[in-house]
Amino acid sequence: MKLIVWNCQGLGALWLVQTLTEVVKLHRLGLVFISKTKCKGRRYDRLKEKFNYHRIGVDAIGRSGGLLLLWRKDVEVWLQSFSVNHIDATIKYVDCHEIWRFTGFYGNPETSKREETWELLRRLAQGSIRP
């Protein structure tokens, strides 16, 4: 299964959405994780409908942050946890028996909060035996 992880620094620009659309369709991506979307649910829903995918989104706070996980209909996703910094999920492609873990992560940009970022990663790592 193909996937992309993209720090887009805002989903507001038309050219960016057009580029994302081309990439998703050209490569028939199974998963799309976007960080720093700088947007909220309605825009997430529009992308979900545009691609005919499912979605989990974490809204931006003001014009900061925002996470989005999109997946095709032939991919099963079980949300394990989420925060303003991560989406953690278990993934299974319908035609495959293997189940694996995906953690989309965006670290806190404030250097004073880096230790919190590392602590979150350590907690997430302890919570799973999956690859």
What single numbered condition from (1) surrounded by fewer than 13 Cβ atoms within 10 Å (Cβ to Cβ); (2) modelled with pLDDT of 90 or more fails to hold for Cys96? (2)
Tally the residues that are surrounded by 11 or more Cβ atoms within 10 Å (Cβ to Cβ) and in a loop (DSSP other than H, G, I, E, B), restricting the search to segment 115-131. 3
What are the residues in segment 70-101 that are under 13 Å from the mean Cα position of the chain (by Cα) and in contact (Cβ under 8 Å) with a residue 60 or more places away in the chain, if any? Ile91
Residues in segment 44-71 that are in contact with a strand residue (DSSP E or B) (Cβ under 8 Å, 6 or more places away or on another chain) and not acidic (Asp, Glu): how many? 17
Residue that is of a type outside the set (D, E, K, R), out of contact with any helix residue (DSSP H, G or I) (no Cβ under 9 Å at 6 or more places or on another chain) and touching a residue at least 60 places away in the same chain (Cβ under 8 Å), where the choices are Gly30, Gly41: Gly30
Among the residues of segment 3-30, count how many are surrounded by 11 or more Cβ atoms within 10 Å (Cβ to Cβ) and part of a loop (DSSP other than H, G, I, E, B). 8
If you scan segment 39-75, which residues turn out to be in contact with a Leu (Cβ under 7 Å, 6 or more places away or on another chain) and more than 17 Å from Lys2 (Cα to Cα)? Cys39, Arg43, Tyr44, Leu47, Lys48, Ile56, Gly57, Val58
Scanning segment 26-56 for residues that are among the charged types (D, E, K, R) and over 13 Å from Leu70 (Cα atoms) gives Lys36, Lys38, Lys40, Arg42
Does Gly57 qualify as being at pLDDT below 95, of a type outside the set (S, T, N, Q) and touching a Lys or Arg at 6+ places or on another chain (Cβ under 9 Å)? no
Looking only at residues in segment 99-114 that are modelled with pLDDT of 90 or more and surrounded by 10 or more Cβ atoms within 10 Å (Cβ to Cβ), which one is farthest from Arg28 (Cα to Cα)? Tyr106
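The values are calculated or read from the model by the stated rules, or taken from the named source; none is laboratory data. Bear in mind that the values here come from a model prediction, so they are computed numbers and not experimental data. No Cβ is skipped: glycine too gets one built from the backbone with ideal geometry, and neighbour counts run over all protein chains shown.
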